[in-house]
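Have a look at the structure below, then the notes.
The values are calculated or read from the model by the stated rules, or taken from the named source; none is laboratory data. Since we're looking at a predicted model, the values are computed, not measured. Neighbour counts run over all protein chains shown; Cβ positions are idealised from the backbone, glycine included. For accessibility, only protein heavy atoms count, side chains too; no ligands or nucleic acids. Shrake-Rupley method; radii C 1.70, N 1.55, O 1.52, S 1.80 Å.
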Amino acid sequence: MKFMTTWAVQPGAVKEAVSRFLATGGQLQTGVTILGRWHNLGCSSGYTLYETENPAALYEGAAKWSDLMDVDIVPVVEDDVAGAALARVFGK
């Protein structure tokens, strides 16, 4: 399953967050594949698209950054999956 993560660096934590990111590359957990990561131009927030069958691994990764960032993780589906579900629900 795919999960979209949005993250925002807490006020005053940019230098430490950058330092940790450069040292670790973002610390992917076992069983998690990164499909893409995007950073805003102000160095304070971004998005990451992951794929995993183990959401607890994403939770663990978010916990490792919780001292520096606010992290939100939501499951997402692609157009073909959404379209098929919508067609079933709305009969189109």
Is there any pair with a first residue in region 43-60 that is polar (S, T, N, Q) and a second that is outside any loop (DSSP other than H, G, I, E, B) whose Cβ atoms are under 6 Å apart and which are 6 or more apart or on different chains, and what are they? S44/V9; S45/A8; T48/T5; T48/R37
When the residues of region 36-55 are narrowed to those that are within 13 Å of the chain's Cα centre (by Cα) and loosely packed, with under 11 Cβ neighbours inside 10 Å, which ends up farthest from Q10 (Cα to Cα)? G36
Among all residue pairs at least 6 apart or on different chains, which show Cβ distances below 6 Å where the first residue, located in region 26-38, is basic (K, R) and the second is surrounded by 12 or more Cβ atoms within 10 Å (Cβ to Cβ) and in a strand (DSSP E or B)? R37/T48
Need the failing condition index for D80 against (1) within 17 Å of the chain's Cα centre (by Cα); (2) open to solvent by 80 Å² or more (accessible area, probe 1.4 Å); (3) of a type outside the set (A, V, I, L, M); (4) more than 17 Å from F3 (Cβ to Cβ), just the number. (1)
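When residues of region 61-73 are filtered for being within 9 Å of the chain's Cα centre (by Cα) and either surrounded by 13 or more Cβ atoms within 10 Å (Cβ to Cβ) or part of a helix (DSSP H, G or I) (or both), how many remain?
3
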From the option list L49, L58, L28, L41, single residue qualifying as under 14 Å from K2 (Cα atoms) and either out of contact with any strand residue (DSSP E or B) (no Cβ under 9 Å at 6 or more places or on another chain) or not in a strand (DSSP E or B) (or both) is L58
Considering only region 8-19, I want to know if a residue exists there that is touching a strand residue (DSSP E or B) at 6+ places or on another chain (Cβ under 7 Å) and either loosely packed, with under 14 Cβ neighbours inside 10 Å or assigned to a strand (DSSP E or B) (or both). yes
